[in-house]
Amino acid sequence: MITPEMPNLRIVKVAVPCPLHKTFDYRLNTEYSNKAIEAGMRVRVPFGRQKLVGIIIEEIQHSDVPANRLKSVIAVLDETSLLSADILKLLFWAAQYYVHPLGDVLQTALPVYLRSNDDATPPLTDVWRINHKQNSPQEEIQQTLKRAPKQQQVYQLLSESKNGLDAEALNAVTNNWRSPIKALLEKKFIEQDVKPAVIIANKTAIQDFSLTQEQSTAIESIRSHSHEHSVHVLNGVTGSGKTEVYLSLCETVLAANQQVLILVPEIGLTPQLTQRFRERLNTNIVVLHSAMNDRQRYAAWHAASTNHAQLVIGTRSTIFTPLTDLGLVIVDEEHDGSYKQQDGFRYNARDLAILRAKNNNAPIVLGSATPSIESLNNINEQRYIVHYLKQRANKKPMPSIKLVNLCSQKLHEGMAATLLSAIKQHLEQQGQVLLFINRRGFAPLLMCHDCGWTTNCLRCDAHMTFHKGRKQLHCHHCGSQRPAPEQCDECGSTNILAIGAGTERIEQYLQSVFPDTQVSRIERDTTRNKGILEDKLEKAHSGESGILVGTQMLAKGHDFPNLTLVCILDTDQALFSADFRAAEHLAQLITQVSGRAGRAEKAGEVLIQTHHPEHPLLQTLLHKGYPAFANAALKERQAAGLPPIRHLALLRCESVESSSAQSFLDHAIEQAGLVDSKKVDLFGPLPAPMERRAGRFRYQIMLQSDGRKPLHQFLSWWIPQLQQLASARKVRWSVDVDPYDTF
């Protein structure tokens, strides 16, 4: 309690980024005696031997810590709160729901730039604009630029922008612009300046578009709920024009001077989506994703939070961006697993987006051709409103889907002769081909032909993938790498075989079979460098790349007008997975990838290779489509008592010593027995499906309950008990509420 000798002491409760489920009290020095304090302001505080940036939760009158033992705040870093009231409310709820330390949760909401820089002044970025002070007539400028078409293109883009364009904006509309910019500066046709935010400036909006009856009906229905919170599922087949619905809804909200938040699952979708919105909406747009550096992300975050940008497009963590007047939230591809954070603060951005829309009394649209089983259940329970787009916007038919039975067939680098024949036929007809295989690298493993030795990861219960181009073995689970062996580690034989096929092997083989066709591999390994992804996608959209080989990066959201054939090479592994969501994920993946075909004038065809053509999942998708599969899957979940019917959480534990992990979970079960937990079922401890990963043994306890409330009541009691266990200090452990998978 405050002592009588210190009556004017000011105390603040601070959330510090640490693994403890508690906040800490600090005193304010006399230099801050008259400073206004708000929740959401940053402070630098001593914490053990460190000096950390924490977030003020509130100013309090009393502390349980004696006044003479209270540590002092080193510095108050902000004049006002960086986190709005609605964001703080969302974060407090998320910390409680996902049972994660509040300090960590609040740090997640801040751009990395603000976690390490005391100064919150937004960084400046270069911007280029037309130089109106130079005296050359426009006719003379245009005549000069005729001999330099790339300079002419960049000059024209700058002419269309009132406030100039920065690097982010130029990247969104053109490639290789830096040399033309330099030349235009030397000619003094343009000038360079700086501005405080990364804003993609607006262009003249295009008005030449038409809506289908289904689109119009969905738009009007959603607009009728524009002044209240409501959850809408836009269930549209691939190519049905969901983006056009988004655009029309955004126009309405922006006209009312409100802001729009759009979430996309992967950065690969942002260039195409951003371009569509720039062409249609007369507003300032910012994007937020992991490919941006810390300064760019903070500049965009600051522009959105200060209402200098009215439309925000971004990936998962964008859900925490403060907005002054949120009028609409859109979650594109709502079913996608990328919205679930898989480590640290394990939140689901889609679910938090629904809560954020509710807190702001705004509608939210969840778009997908393959809605999640959770969304389907909420539709059935009449918690969500569904809008169907059952036909493609251009009235073109959905692609025909056929199964290719691999049994007893001779395979050519994992491909049947039927597949290769179809590829040749479509290329001869000037069509584009997409081969999908969810496996990077050249081959899943190397094996000695003489003794059977295989290239296993030394730190995981998994094989290492062979990357031929780099002559390396990579573990795609823990990230470890080592040179590919030239001889067997066991017997010394040099007869080493590459078993199975990945994207690299498929690309190499197809380029040899079709030497006159450009083969483009689009996946994480080939798009790491800045600008490469955009360049590859541009060539894919233009049809310059006749054959596309890729992973999930190509599975959704993209519109390749010339694509007529989709080949799905490997589905069998997912057909027999132990994870209860595996069938749903596979059905969504097949439907999404198939939907890339036949979206324009030419009819589409889909070939799916499998050794199990009679499998019920494949037969249901083939003859009845995804809706029939999803309804059947929901009934199976109901019968088995699995999510979304019952609610699930995992207590995960890992340790270098297997015995330490098992001991901690045994003690956790003992603690659970001390409380009446009849409404919560505990299963385990059990080894994780991959027991050893990154050199650590992994075990878990599964918790199930009929209701969220009893599950969270139990967790809120249980977790503090686990923190006190001596065995907890010897292991890494975490809680995952609503896990995306049990892997």
- Could you tell me which trypsin sites (Lys or Arg not before Pro) in segment 508-554 are loop residues by DSSP with no more than 16 other beta carbons within 10 angstrom of their beta carbon? Arg528, Lys530
- Note on the structure: Measuring from its Cα centre, segment 576-648 shows a charge dipole (+1 at each Lys and Arg Cβ, -1 at each Asp and Glu Cβ) which, in debye to the nearest 20, is 220
- Between segment 509-552 and segment 705-743, how many Å separate their Cα centres? 44
- Helix-only [θ] at 222 nm, the chain, -39500 (n - 2.57) per DSSP H run of 4+, per residue, nearest 500, equals -9500 deg cm²/dmol
- Among Met398, Cys457, Gly641, whose Cα lies farthest out toward the positive end of the dipole of the chain, if unit charges sit on the beta carbon of Lys, Arg (+1) and Asp, Glu (-1)? Cys457
- Out of Pro561, His477, Gly543, whose Cα points farthest toward the positive end of the dipole of segment 416-569 (charges: +1 Lys, Arg; -1 Asp, Glu; placed on Cβ)? His477
- Item | Sparse-neighbour loop sites [GluC sites (Glu not before Pro); segment 613-670; at most 16 other C-beta within 10 Å; DSSP] | Glu614, Glu657
- Task: Within 10 Å, count the other beta carbons around each residue, average over each peptide in 234-240, 572-578, and list them highest first.
- Result: 234-240, 572-578
- By average Cβ neighbour count within 10 Å, what is the ranking of 544-552, 449-457 from highest down? 544-552, 449-457
- Carbon and sulfur atoms: what percent of the 1.4 Å accessible area of the chain do they account for? 48
- Task: Express in whole angstrom the spacing between the alpha-carbon centres of segment 321-359 and segment 602-678.
- Result: 22
- Message: Averaging over every viewing direction, what projected area does the convex hull of the Cα atoms of the chain cover, in nm²?
- Response: 37.9
- Partners for Lys358 among lysines (Cα-Cα distance below 20 Å; same-chain residues under 8 apart left out): Lys89, Lys340, Lys709
- Task: Give the accessible surface of the chain per residue, rounded to a whole number of Å², with probe radius 1.4 Å and ligands, DNA and RNA excluded.
- Result: 45
- Please list 284-291, 712-719 highest first by mean number of surrounding beta-carbon atoms within 10 Å per residue. 284-291, 712-719
- Query: Dipole magnitude of the chain about its Cα centre, charges +1 at Lys/Arg Cβ and -1 at Asp/Glu Cβ only, in debye to the nearest 20?
  - Reply: 600
- Please work out the C-alpha center-to-center distance from segment 558-597 to segment 242-308 and express it in whole Å. 28
- Query: Tell me which aspartates and glutamates have Cα within less than 20 Å of Lys396's Cα, excluding those fewer than 8 residues away on the same chain?
  - Reply: Glu214, Glu244, Asp559, Glu601, Glu605
- Message: Cut-off under 22 Å on the C-alpha distance; same-chain residues fewer than 8 positions from Lys468 excluded. Which lysines are left, in chain and number order?
- Response: Lys536
- Message: So if I place +1 on the C-beta of Lys and Arg and -1 on the C-beta of Asp and Glu, and nothing else carries charge, what would the dipole magnitude of segment 656-728 be about its Cα centre? I want it in debye, nearest 20.
- Response: 280
- Query: DSSP loop trypsin sites (Lys or Arg not before Pro) in segment 646-743 with at most 15 other Cβ atoms within 10 Å of their Cβ, which ones?
  - Reply: Lys678, Lys679
- Task: Could you tell me what percent of the DSSP beta bridges with both partners in the chain are antiparallel, to the nearest 5?
- Result: 55
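The values are calculated or read from the model by the stated rules, or taken from the named source; none is laboratory data. All values derive from a computational prediction rather than experimental measurement. No Cβ is skipped: glycine too gets one built from the backbone with ideal geometry, and neighbour counts run over all protein chains shown. Heads up: the accessible areas ignore ligands, DNA and RNA and are worked out on the full protein's heavy atoms, side chains in. Shrake-Rupley method; radii C 1.70, N 1.55, O 1.52, S 1.80 Å.
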